[in-house]
Amino acid sequence: MDETQKRRQYAFVIKQLTAREIKRKYARSYLGIVWSVLNPLLSMAVLSLIFSQLFRRSIENYPIYYLTGYILWQTFTGATNAAMTTLADNKQLLIKVKFPMDLFILTRVYTALVNLAYSLAAYAVMLLVFQVRLHATVLAAPVIILFLLLFSLGISYILATAYVFFGDVKHLYSVVLALWMYCSAIFYPVEQLQGFIRTVIELNPIYAYIHCMRNAVMYAQLPTGAQWLQMALWSLGVLLIGYLVFQKHKNTIMQRI
């Protein structure tokens, strides 16, 4: 089998595994995939009621400001949380079928992308509702999302490897995510902060993706050269580190699961 046939076969496997993941996730839900649309909208409604008055002077169109950050954050957490346990979850398949282990991690990240696509449908409707005028700068959004997914994949490689050897990483990661979320300026303007904490947030890769997405969609501003470089370095750097960690422990993973 040549490389082209292998790639086609692996792409088919990823699509089938993704369909299985989505069916499994919403198996007991009457609304099913619709929750990917409702979840960000409900969250936006609640947070807007709480914070829109607080930040009305510093943030125009607060619901869109929040929703932009929230859907990117949900994509990242959805991908990494799901990918963390994928090797253990698919133990029987890994033993019976000789597919690269990478496919199972890629599937969980791809599933997060599919869920993001549904969330973006709701996002587009909200842009119309709040009369946010789109400009050519919105064309930067797919590239920003790509950088986010590459970063998520790198983190997923590390977490999936770590979980095989140390199951408590799942609980540790939930604590890390809670802190990470508050350092990503999802529901507040970072401009109101000063000193060390502001520096920490501005160095946060998730904040970089969110900030650039907001600028491109809401304020007709393309990322600066420094921002493009920051996003690229975080994405490709973490992806490379994650992939090397995964490759180094690949053989041991099969023995441990």
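The values are calculated or read from the model by the stated rules, or taken from the named source; none is laboratory data. Not measured: the values here are computed from a predicted model. Methodologically, a virtual Cβ is constructed for each residue, glycine included, from the backbone with ideal geometry; neighbour enumeration extends over all protein chains shown. What goes into the accessible areas is simple: the full protein's heavy atoms, side chains included, and nothing from ligands, DNA or RNA. Shrake-Rupley method; radii C 1.70, N 1.55, O 1.52, S 1.80 Å.
From the list Leu67, Leu94, which residue is more than 13 Å from the chain's Cα centre (by Cα) and open to solvent by less than 10 Å² (accessible area, probe 1.4 Å)?
Step by step, each of Leu67, Leu94 is checked, and only Leu67 is more than 13 Å from the chain's Cα centre (by Cα) and open to solvent by less than 10 Å² (accessible area, probe 1.4 Å).
What are the pairs with Cβ atoms under 9 angstrom where one residue, in region 236-249, is in contact (Cβ under 8 Å) with a residue 40 or more places away in the chain and surrounded by fewer than 14 Cβ atoms within 10 Å (Cβ to Cβ) and the other, located anywhere, is part of a helix (DSSP H, G or I) and not aliphatic (A, V, I, L, M)? Sequence gap at least six, or different chains.
Leu240/Gly154
Is at least one residue of region 150-162 aliphatic (A, V, I, L, M), over 18 Å from Ile206 (Cα atoms), open to solvent by 20 Å² or more (accessible area, probe 1.4 Å) and assigned to a helix (DSSP H, G or I)?
Scanning region 150-162 turns up at least one residue that is aliphatic (A, V, I, L, M), over 18 Å from Ile206 (Cα atoms), open to solvent by 20 Å² or more (accessible area, probe 1.4 Å) and assigned to a helix (DSSP H, G or I).
For region 95-119, give me each residue that is within 14 Å of Arg20 (Cα to Cα) and hydroxyl-bearing (Ser, Thr, Tyr).
Those that are within 14 Å of Arg20 (Cα to Cα) and hydroxyl-bearing (Ser, Thr, Tyr): Thr107, Tyr110, Thr111.
So, of the residues in region 175-203 that are hydroxyl-bearing (Ser, Thr, Tyr) and modelled with pLDDT of 90 or more, which turns out to be nearest to Gly69 (Cα to Cα)?
So, considering only residues that are hydroxyl-bearing (Ser, Thr, Tyr) and modelled with pLDDT of 90 or more, the one nearest to Gly69 (Cα to Cα) is Ser184.
Quick check on this structure: which one of Thr68, Thr77 is more than 21 Å from Leu193 (Cβ to Cβ) and among the polar types (S, T, N, Q)?
Thr77
Do we find that Tyr207 is modelled with pLDDT of 95 or more, open to solvent by less than 60 Å² (accessible area, probe 1.4 Å) and in contact with a Cys (Cβ under 8 Å, 6 or more places away or on another chain) in this structure?
yes
What residue, among those in region 117-142 that are closer than 13 Å to Leu72 by Cα and free of Cβ contacts under 8 Å to residues at least 60 places away in the same chain, is most open to solvent (accessible area, probe 1.4 Å)?
Out of the qualifying residues, it is Pro142.
Can you pull out every residue in region 88-133 that is in a helix (DSSP H, G or I) and among the charged types (D, E, K, R)?
Answer for region 88-133, where residues must be in a helix (DSSP H, G or I) and among the charged types (D, E, K, R): Asp89, Lys91, Lys96, Asp102, Arg108.
Any idea which of (1) at pLDDT 75 or above; (2) surrounded by fewer than 17 Cβ atoms within 10 Å (Cβ to Cβ); (3) of a type outside the set (Ser, Thr, Tyr); (4) farther than 19 Å from Ser156 by Cα is the one Ile50 doesn't satisfy?
For Ile50, the exception is condition (1).
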